[in-house]
1. Within the bounds of segment 298-310, is there any residue that is out of contact with any strand residue (DSSP E or B) (no Cβ under 8 Å at 6 or more places or on another chain), more than 20 Å from residue 433 (Cβ to Cβ) and without any contact (Cβ under 8 Å) to a residue 24 or more places away in the chain?
2. Give me the pairs, please: first residue somewhere in segment 325-348 and assigned by TED's automatic domain parsing to the domain that holds residue 383, second residue anywhere and part of a loop (DSSP other than H, G, I, E, B), beta-carbon distance under 7 Å, and either six or more positions apart or on two chains.
3. Quickly run through segment 196-220 and pick out the residues that are in a helix (DSSP H, G or I), without any contact (Cβ under 8 Å) to a residue 24 or more places away in the chain and within 27 Å of residue 437 (Cβ to Cβ).
4. State all residues of segment 341-363 that are crowded, with 19+ Cβ neighbours inside 10 Å and over 27 Å from residue 301 (Cα atoms); if no residue qualifies, say none.
5. Listed residues 151, 144; which is in the same structural domain as residue 53 (by TED's automatic domain parsing), in contact (Cβ under 8 Å) with a residue 24 or more places away in the chain, touching a helix residue (DSSP H, G or I) at 6+ places or on another chain (Cβ under 9 Å) and surrounded by fewer than 19 Cβ atoms within 10 Å (Cβ to Cβ)?
6. Based on this model, can you work out whether residue 193 counts as over 30 Å from residue 228 (Cα atoms), touching a residue at least 24 places away in the same chain (Cβ under 8 Å) and crowded, with 16+ Cβ neighbours inside 10 Å?
7. Residues in segment 298-312: is at least one loosely packed, with under 14 Cβ neighbours inside 10 Å, closer than 30 Å to residue 461 by Cβ, within 50 Å of the chain's Cα centre (by Cα) and at pLDDT 85 or above?
C-alpha cells in the first residue's frame, strides 16, 4: 500500500538525517581519537628526547631520575619508561610497574636500534590496559640501547566512549525531534495541496464554474492551482458547448419527429394496408415515439443545466396527481400483468404539478420495467418530520450494491439490454432527481438483489387551507 506523501517526506527526511548523523558521529569519533593519540605521540616524542639528552649512563639510578623528571607532565602511575639492552633485556625502568617487562617485542627493538622510531599501541597487564608506546635508539658507545616511553590510553578511550554515549543518546532524540518537525513542515507545505484536492473533489459537472484558490507566490503550488483552474475553464467551455449542442439538436429533431409520427398515424388509418405493412408501420411509430421521448428528456436536461427549469408552484393534492399518473401508465402495467397499489391519505405539497408528475411518472415507469411479469408496484405516501415522502416500490430483481450509487447518473442502465427493450434512455431517474432537487426535496434509492427496489421522494409539507 502506498504511503501518503507527507509520511514519505517525513520518513525520507528522518532517514537522510539519520545517515548524516551516523556519518558525522563516526567521523567525529575517529577524528577525536586520532587527534588525541597524535597529541600523546607528540608528548612521547618530547619525553623520549628529554631522556636521551639527560641520560649519560654514568651511574645506577640516573635513568630513573631522568625518566621521572621527563614523565612528570604525564599521568602519574599510568606512564612508564624503560631502557632495553641490545639483546632486548630490561635494564632500568621508571613509572608504571608495567615497565618491568619489555614493552616492545624483539622486532620493534631491533628496528629502534637501527635508528627508526617505533610507535605501537599495545595491551599490558592482566586487565589488558591499552598503552601508547614509543621506542627510540639510545647510543651509549660502544653499544646502542633502546629507550621505550609509554603512557596509558585509558583517558583517551574514556573520552571517545563518552562521545559515543552522547551520540547514541542524543542521536535518537535529535531524529525524533527532526521527525516531528519534518511532519509539521511537510503538513504545512502540503496543506495547499490538501485544500486543492478537497476543492477539486467538490467540483462536479454542475459546478464547473467554480475555481480553486491560488496560493500567493510563484512556486510549484501556485502553478499547479493555475493549471487546475485552466483545466476547469476548458471543461466548463466543453460542457457548455456539449449542452448547447444537445439543446440545439433536440430542438431541431422535435419537428421532423412530430411530422414522422403524424404521417405514420395517417398511413396506419388506411384500410388498404396489408398485415405485414401495418406491423412495419406500427414498429416504426413505436421507434419514432421512443426517439421523441428521448429528445424531450434531453431538452428537459438542457433546460435544467441552463437554469431554465422554472417552477410554477401551486398546492398539489397528491392523491389526484398519483391517480392521473397511474391511469396513464396502466396500459404498460396491463401488458405485463403488473398490479399497481396506491396508498395515499390526501397529502398536499407546494410544487409544480406538471414537473412533479413527470418525476413521479419516471419512478413508476422504472418500477414497471423491472417488476417483471405478474409483479407488483406499490406507491405509498406518508408524512414524517414535516416532510411528505412518496415511495415507489417494485418486486423486481433488485439492484446490486456496487451500482446502486450510480442509478441517478445520466444514461446509466442497471440492465442495458432490458432498458433498451423497454424503451429506456437512461435519463428518467436523472430527470426525476433534478426535478426533486429543484423543489428543495430529496430523492433516494434502496435495493438489495432479489428483494426489489424502492425509490423515495421527500418534499416539504404544505397543508391545504380550509
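The values are calculated or read from the model by the stated rules, or taken from the named source; none is laboratory data. Quantities reported herein were computed from a predicted structural model and do not represent experimental measurements. FYI the Cβ positions are ideal-geometry reconstructions off the backbone, even for glycines, and counts take in every protein chain you see.
1. no
2. 336/373; 337/373; 337/374; 338/375; 348/462; 348/463; 348/464
3. Across segment 196-220, the qualifying residues are 197, 198, 199, 201, 202.
4. Listed by number, the list holds a single entry, 347.
5. Exactly one residue qualifies, and that residue is 144.
6. no
7. Yes: one or more hits.
Listed here are the residues, each with its yes/no results for (1) at pLDDT below 90; (2) surrounded by 11 or more Cβ atoms within 10 Å (Cβ to Cβ); (3) in contact with a strand residue (DSSP E or B) (Cβ under 7 Å, 6 or more places away or on another chain).
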| site | (1), (2), (3) |
| --- | --- |
| 156 | yes, yes, no |
| 160 | no, yes, no |
| 169 | no, no, no |
| 172 | no, yes, no |
| 180 | no, yes, no |
| 201 | yes, no, no |
| 208 | yes, yes, no |
| 238 | yes, yes, no |
| 246 | yes, yes, no |
